[in-house]
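*Asks:* Before I ask anything, here is the structure I am working with.
The values are calculated or read from the model by the stated rules, or taken from the named source; none is laboratory data. Computed from a predicted model, the values in this text were never measured in an experiment. In this analysis, Cβ positions are derived from the backbone assuming ideal geometry, glycine residues included, and neighbour counts consider all displayed protein chains. Only protein heavy atoms, including side chains, enter the accessible area calculation; ligands, DNA and RNA are left aside. Shrake-Rupley method; radii C 1.70, N 1.55, O 1.52, S 1.80 Å.
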Amino acid sequence: KPGKTAAPAGRDTTSIAAKTAGTSFVVRVNAVDLNWNKRTSEAFPVTLSADDPYDLPATIIQSLASGATVFNPVLVTVATGWTFNATGGTKAGYSDPVPVVHGAAAKLQVLVAGESAVQGKNIGTPGKDGTPAPWTAGVASTVVVRGVDANWNLVGEDSATGITLWADDPYDIPSPIA
């Protein structure tokens, strides 16, 4: 389990610390018997996956050596906890939830009517879903600007100040932005 230490009889001795979105960390998988004793004679392929829909890579396969292997996954979506699943042959196990927090502010995300933010999304149109709704000339429209990390996770809840928005319409009449 990420951030936990195996003790005799397989008991976890530490809690799982929050991981930063977009940063790899160590996940150790041990082959154990029904009493949580490590099985060092095991050497079979193990598949590791997480329920973060945008983790990198989505699935990792490695073989056990002396009953253990170490994975370095990258979770990219902020959450109170994503779970890892390890499978190998007829054996399976899962982790406790791994909390993920946002990384440092890296960019501004601009959303217009018809678009919605999707944290961690790194496929298709990164960071959002939807199609911009048509704008009518001379009618005000809402634009949302969010400070996000490199993986499109919202960084903070404060209103940004000092942001200037402009359109490429040469006839646009700028109005004050509050």
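*Asks:* Among (1) open to solvent by 70 Å² or more (accessible area, probe 1.4 Å); (2) within 15 Å of V148 (Cβ to Cβ); (3) without any contact (Cβ under 8 Å) to a residue 24 or more places away in the chain, there is one condition A105 misses while meeting the rest; what is its number?
*Replies:* Result: A105 passes all but (3).
*Asks:* I would also like to ask the following. Can you tell me which residue is most open to solvent (accessible area, probe 1.4 Å) among those in the range 112-170 that are at pLDDT below 85 and among the hydrophobic types (A, V, I, L, M, F, W, C)?
*Replies:* W166
*Asks:* Something else now. Of all strands (runs of 3 or more DSSP E) completely enclosed by the range 55-109, which ones contain at least 2 residues that are over 18 Å from the mean Cα position of the chain (by Cα)?
*Replies:* Working: elements: 59-63, 68-71, 79-82, 84-88, 91-94, 98-101.
Counting at least 2 such residues, we get 59-63, 68-71, 84-88, 91-94.
*Asks:* Ok, one more. Could you give every pair whose Cβ atoms fall below 7 Å, whose first residue belongs to the range 133-156 and is more than 14 Å from V110 (Cβ to Cβ), and whose second residue is open to solvent by less than 50 Å² (accessible area, probe 1.4 Å) and assigned to a strand (DSSP E or B), counting only separations of at least 6 or pairs across chains?
*Replies:* The qualifying pairs are V155/G147; V155/V148; G156/G147.
*Asks:* Moving on to the next point. Can we say D33 is charged (D, E, K, R), open to solvent by 40 Å² or more (accessible area, probe 1.4 Å) and either out of contact with any Phe, Trp or Tyr (no Cβ under 8 Å at 6 or more places or on another chain) or modelled with pLDDT under 95 (or both)? Outline the logic, then answer.
*Replies:* Numbers: charged (D, E, K, R): yes; open to solvent by 40 Å² or more (accessible area, probe 1.4 Å): yes; either out of contact with any Phe, Trp or Tyr (no Cβ under 8 Å at 6 or more places or on another chain) or modelled with pLDDT under 95 (or both): yes.
Taking the combined requirement at face value, the residue satisfies it.
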